[in-house]
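As C-alpha cells, the structure follows; a few thoughts come after it.
No value in this document is a laboratory result; all are computed from the given coordinates. Computed from a prediction, not measured in an experiment: that's the story for all the values here. Here the Cβ is made from the backbone with ideal geometry for all residues, glycine too, and neighbour counts use every protein chain on show.
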Amino acid sequence: MNSLIEISDLTVSFPGDKYRLTALDRVSLTIRPGETLAIIGESGSGKSVLGVSILGLLPDHAEVTGSIVYAGKNLLHASYSEMESIRGRMIGWIPQNPKTGCNPSMKVWKQVVEPQVTHTDLSRADARVRGMRLLDRFHVVPSDYWGDQYPNTYSGGMLQRAMVAMGVSADPEIIIADEPTKGIDTINKNSIVEVFSELKTKGITLVIITHDLDFAYRLADRVAVLYCGQVIEITTGQTFFANPRHPYSQALLRSLPRNGLIPIPGSAPPMHAEHAGCRFKDRCSDCREECTHAMPAFSLTEDYVRCIRYDNRNQAC
Ligand SMILES: Nc1ncnc2c1ncn2[C@@H]1O[C@H](COP(=O)(O)OP(=O)(O)OP(=O)(O)O)[C@@H](O)[C@H]1O
Ligand SMILES: [Mg+2]
C-alpha cells in the first residue's frame, strides 16, 4: 500500500503514582501521500497524543512502543536534531492550544515565518513580507499592524488563525492540524476550509484532528475514528458520512444537529481502566453478550471496523 507515514502498533502510556494511563493502544494507521485524513473522536480519545507522537513532542515520561515510519526512518528512534529538521519543514504542526503553542515574547509575523527562516536562506525582509501575506490570507488583518504585535494581544480565534499560518508557512510535505477550527466563527472557518482545499489541490498531505464533523465532511478523503485510545473505524469520508458502520461512528453522526442532535448515552471508560471486551459496549445500543468477551484480532485492511458484527475482512456478518 502506498504510504507516506506508516504507524504500526503505536502504544503510548503515561505512568502515574496510582495508575498508568494508556492514551493510545496499538494504533496502526497509514497516512497516504496527498490525502486528507481526518482523525475524529470525542474528548480524551487520544487524538492529540497521536499528533504529538508523530511530531516527537511527547513528554519525557511517556512510554512509547510500536513504530512511526516516515521517509524510511522510525521517528520514535530519531534524534532531537533529526526531529528538529523534520518539524516545520517536512511536517508542519498546528497545535491544539494556540496560547501554549506559540512564543509569547516573539512578534507574530516572526513566528509565522520561523519554520521558513530556520529551514531556508530567506532574508529577513522577504520573510517579513511573506509573514504579513500569510496573515492576510488567514484574515489576520490589517496584517502590517497585527503582525507586529505579540500573541497576548490577540483574541483566541485570531491566534488560532495565526497558528494555521505558522503551520503552512514552510510548505511542508505533510501538515498535521489539531483542531484548526476550534473557537473560530463560520466565516473564518470557511476561509480555513478554502486554504486547506487549496493545499489539497497542491498535493500536500493533510491530517486534520478535529471534533468538527462538518469540517471533516468538507475536506476528508478518509476518516479514522478514535475511541478510548483505539482506532475503531477507518474508511473513506464518503462511506463514513453516508454509511458509518461502527455503532460509535453511527452515534457520533446522530449527535449532529442536522441528524437530530441525539446525544450518545453515558461516557467513555477511563483511559487507565482494564478494558474487557469492546470499549464501547456500555454505551452501545446493539451490545451483545459476546461484546463483553476479549475482542478478536482485527486485521488491518483498507477499510476497517473494530466491531464483532464485522469479520476480519470487514464484511457485515
Ligand atoms: N502529558 C500527559 N500526561 C498524562 N496524561 C496525558 C498527557 N497528555 C495526554 N494525556 C491523557 O491522554 C488521554 C488522551 O489525551 P488527548 O489530549 O490525546 O485527547 P484528545 O482526543 O486530543 O482530546 P480533546 O478532544 O479534548 O483535545 C487523556 O486521558 C489525557 O488526559
Ligand atoms: Mg486534543
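Structure summary
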| read-out | value |
| --- | --- |
| Fewest-first sequence of Y80, Y248 by Cβ atoms within 10 Å of each Cβ | Y80, Y248 |
| Highest-first arrangement of 185-193, 161-169, where packing means the average Cβ count within 10 Å | 161-169, 185-193 |
| Cβ-based net charge around T186, under 14 Å, with every Lys or Arg adding one and every Asp or Glu removing one | 0 |
| Test item: Cα-centred dipole of the chain, Lys/Arg +1 and Asp/Glu -1 on Cβ, debye | 420 debye |
| Summed side-chain charge close to T120 - residues other than T120 whose Cβ falls under 12 Å, Lys, Arg +1, Asp, Glu -1 | -2 |
| Hydrodynamic radius (Kirkwood) for the stretch 87-202, which is based on Cα pairs only, to one decimal in Å | 13.8 Å |
| Over the stretch 87-202, relative contact order from alpha-carbon pairs under 8 Å, at least 6 apart, % | 39 percent |
| For the chain, Kirkwood radius (reciprocal of mean inverse C-alpha pair distance, Å) | 20.5 Å |
| Most to least packed among 38-44, 222-228 [average Cβ atoms within 10 Å] | 222-228, 38-44 |
| Sequence ranges 258-264, 173-179, ranked by mean other-Cβ count within 10 angstrom, highest first | 173-179, 258-264 |
| Cα centroid separation - the stretch 224-238 against the stretch 77-113, whole Å | 27 Å |
| Ranked M271, M83, criterion: other C-beta atoms within 10 Å, fewest first | M83, M271 |
| Over the chain: helical MRE at 222 nm, DSSP H runs n ≥ 4 each giving -39500 (n - 2.57), nearest 500 | -9000 deg cm²/dmol |
